[in-house]
Amino acid sequence: MKLSLNLALLLLCYAGVSFVNSLAVMSVDLGSEWMKVGYVSPGVPMEIALNKESKRKTPAVLSFRDNIRLFGEDAQTVGVRFPKQAFSYLLDLIGKSIDHPLVKLYQKRFPHYNIVEEPERKTILFKIDDETSFSVEELIAQMLGKAKEFAEAGAQQPIKECVLTVPGFFNQVERKALFQAAELAGLKVLQLINDYTAVALNYGIFRSKTFNETAQYIMFYDMGASSTTATLVSYQSVKTKDKPYVEIHPQSTILGVGIDRTLGGLEMQIRLRNYLAKKFNEMKKTKNDVFKNDRSMAKLFKEAGRLKNVLSANAEHPAQIEGLLDEKDFKLPVTRETFEELCQDLFERVSRPVEQALKNAHLTMDVVNHVVLVGAGTRVPKVQEHLKKFVGQELAKNLNTDEAAAMGAVYKAADLSTGFKVAKFITKDAVVYPVQVTFERSTEEGTKQVKRTLFGSMNPYPQKKIITFNKHTSDFSFNVNYADLENLPAEEREYLGSPNISEYHLIGVADALKKNTGENVETKGIKAHFTMDESGILNFVNAEFVVEKTISPDEEEGTLSKLGSTFSKLFGGEDEKPVEEKPVKEESPEEKQSEEPTTEEKPEKVEKQKDTKETKKPVNETAKNVTEKPTKDLKPKVVTIKEPIKTKEQLLTVNALDKKQFAKSVEKISALDKLENEINRRATALNNLESFVIEIQNKLDEDEYSKAGNPEEIAKIKAACSEVSEWLYDEGSDADADTYEKKLDDLNLLTKDLLARVFEHKERPEAIKALNSLLNHSSNFLLSAKNVTKTTNPEKDIFTDVEIETLEKLIKDTEEWRDKSVKEQDAIKKNQPIKLTIKSIMDKMAALDREVKYLLNKAKLWKPKKVEKPVKEESNTTEKTEEKDGENVVAEEEEKEEEPATIEAPEDKKDEIKDKKIKSESKDDDHSEL
């Protein structure tokens, strides 16, 4: 009973537990054309989440039509008929103003969209009607929300944390905008990981055992829908000292990156679409221009995408569209040669990202071990041909081009989360766009603009940097912007957008300088602290005015005397509180450089050693040395004082959503989610009601259902089903979910008894068969158990007579109950109330099974008693003395063997055993008296 009570309490407590932080995490590889979702949950390794069509990737498309929001393939279907209501290739637009070159290119490619300017942020809005418009962040947030649903369905638990892949060429504004989109979707972003870094991680984790101290160089060539990147990565094993001992872990390091933001499968598809449209116009099947019909161009765009994929494996294939324009069909054979001629200039750009990556890494193709293909665009034969010719080696195709980034990102998500432990794999990313600080300084020749590099090209991150301003005595400003953009092609500089990032205004410099003046004070300037975090986002930490103050021997003696007095009071038991001095951090030599970026501040090694030695001394000795040391031996001490400087930041690019705008976007998306849930609920309720009506109407014609019901009952059910069926196809077609669910509940209540009788009659034979089998086994066990009682076999007295009698009686009672119940059930009609229910049979089986298992467990735990050796009569109970060779020899008594350990029965059987034991002992007493 004690065990059962504890179990009940445990289950009760567990029922009240709510998991605040779910263990499952996810990754989203959100590309321009496709979205792949990975997840990992307890008991489930890294896996790709399936969408509702059970596919592993989903088109990155969403649509709005008649208050219905659709995603993926459903949205694509809507987009063919209503192009203005379906939105795709959105990742290329995030974080951009309406006059951005990529926005202009998007409008040229998809002229049917109604794109307007957002008045406050100067970004773009997709206008659907006079009352409805969506920002790019809101649209992407809804896609991420759908990705969250896919991952939660696979993990079967809520998910809040994720890692998102991001194109490596995304700037600061684009990365921050993607962060806000994820926040709108209710996701906490553990990290933004560059897509090529995720691919490199996925490639490395399955080959980590092949790495050693010698670097291996792998180039990943990724041609996606909108862009192309070439990334040179080194793999090797490195030693780390994060723990008290040295460990060796695999590491991937990004050495060089080359980009082309407009080279991809989308541009090829656009050109093929325009070619097909031109050919259709040349056929002169209609007077209307196909270029001016949005629906026709959407059909051609879809066919061009299919044709592009087919021509990668076939030399020729026809383009065919029914009713393209004015009910006129279109059919045209297209050869691969024609497709390659259309994209000839694109293929000539294939090698440029590779050249740029090698240049940034300061390496040549001679050191590259493999060139690995990534992205769907690399399946085009001409792309492979040009790339192979440039790199001079075979191309590796041993990577899943669709899922590599998603799987690498979910591995990083599991590593960053607190609920999982993964094998350590170090990743070192690199800065693609250098960042510099610019400010003005007054000189004899006039005002001079000074530039200082903060994060150089291909600098690893995360990293901290400090820059020092030591010529300013009043409030001033400095700018942070991108540097060394001359190394990029002219087109890439335009696509990057404005080179300016932020302007920082430092306030209170003069007051801080005035506050820290004197003969013993040396100014070290104003230090601004920056970090580049794991997501590649630049953060301004703080600014502080730093001075070094020299303490004279007298001042130091006074301070040390106070310290000695403090120790005396501490050990002397005085009541006065000791005076504490705030620890002061010394400036590293690196920070003394004038207006140069430095690394993170570090205390000098000499000071560290000194502090360590002092702390190792006993307290009394330290106090004694401090108080007794002569004044003439004391040297002036230099301490560092840091005064915070107030800083105001002004963004020089696209602003993020402010609190008011963010709240409005959340409200808008929540309303759409609620509407979608209600629509899905209504559709589910309608489907369930229709299915139930049809199923019942069909089953009522079957014998087992007609025999199990009364004529009046069956007629009533048929009438109700007919009434609901007619209602569904008439006025019920526009009903809400509550009405459908209420109708279904009424039908369930009406058919409950009939369905229950059918179930009982159908399952009863199997249940009786199982009962008979259990009775046979129990009877056989009883025969064997009777041979191991104290009465029949004293040496093997496993069971008591009471236990045997109890089991025998239970078997007999069960058999009698079975025979009686079966006879009574057979005597009544199938449409009458059930006499012998499945539950009653299961209860009898459970009681019998419980009794037999108890005896079986007792037999398993039973051990034979050990028989003690008889003691000789002439031997003494304690010791025996014999005479041997004139000496008394004492033979010690043999040690008694330990009794076997007592084995208790299970807790829930103790009371039952106790009752049986009392009965058994009373019978034994009666027998002895006789």
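The values are calculated or read from the model by the stated rules, or taken from the named source; none is laboratory data. Since this is a predicted model, take the numbers as computed values, not measurements. Note: ideal-geometry Cβ built from the backbone for every residue, glycine included; neighbour counts use all protein chains shown.
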Which residue, of 280, 301, is more than 31 Å from the chain's Cα centre (by Cα), in a helix (DSSP H, G or I) and under 18 Å from residue 109 (Cβ atoms)? 301
Selection count, segment 656-714, where residues are touching a residue at least 60 places away in the same chain (Cβ under 8 Å) and within 27 Å of the chain's Cα centre (by Cα): 11
Quick one: residue 654 ticks every box in (1) surrounded by fewer than 17 Cβ atoms within 10 Å (Cβ to Cβ); (2) at pLDDT 90 or above bar one, so which box is it? (1)
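Looking at 508, 525 in this structure, which one is more than 25 Å from residue 456 (Cα to Cα) and either at pLDDT 90 or above or not β-branched (Val, Ile, Thr) (or both)?
On the way: 525 fails: more than 25 Å from residue 456 (Cα to Cα).
Within the list 508, 525, the selection yields 508.
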Does any residue of segment 514-534 turn out to be in contact with a Pro (Cβ under 8 Å, 6 or more places away or on another chain), farther than 24 Å from residue 651 by Cα and in a strand (DSSP E or B)? no
Which is of a type outside the set (Phe, Trp, Tyr), out of contact with any Cys (no Cβ under 9 Å at 6 or more places or on another chain) and more than 23 Å from residue 346 (Cα to Cα), of 287, 278? 287
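Report, by residue number, each residue of segment 736-780 that is of a type in the set (D, E, K, R) and surrounded by 15 or more Cβ atoms within 10 Å (Cβ to Cβ). Break it down into steps so the answer makes sense when it comes.
Going residue by residue through segment 736-780, those that are of a type in the set (D, E, K, R) are 736, 738, 741-743, 745-746, 752-753, 757, 760, 762-764, 766, 769.
741, 743, 753, 757, 760, 764 - these are the residues of segment 736-780 that are of a type in the set (D, E, K, R) and surrounded by 15 or more Cβ atoms within 10 Å (Cβ to Cβ).
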Across segment 189-241, what is the number of residues that are among the acidic types (Asp, Glu) and either assigned to a helix (DSSP H, G or I) or within 16 Å of residue 371 (Cα to Cα) (or both)? 2
Please count how many residues of segment 240-258 are surrounded by fewer than 23 Cβ atoms within 10 Å (Cβ to Cβ) and within 18 Å of residue 224 (Cα to Cα). 0
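Would it be correct to say that residue 495 is closer than 22 Å to residue 194 by Cβ and either free of Cβ contacts under 8 Å to residues at least 24 places away in the same chain or not assigned by TED's automatic domain parsing to the domain that holds residue 102 (or both)?
Working: closer than 22 Å to residue 194 by Cβ: yes; either free of Cβ contacts under 8 Å to residues at least 24 places away in the same chain or not assigned by TED's automatic domain parsing to the domain that holds residue 102 (or both): yes.
Yes, satisfied.
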Does segment 70-80 contain at least one residue that is under 23 Å from the mean Cα position of the chain (by Cα) and buried (at least 23 other Cβ atoms within 10 Å of the Cβ)? yes
Given the residues 405, 409, 483, 430, which is the only one that is in contact (Cβ under 8 Å) with a residue 24 or more places away in the chain, under 23 Å from residue 261 (Cα atoms), touching an Asp or Glu at 6+ places or on another chain (Cβ under 6 Å) and aliphatic (A, V, I, L, M)? 405
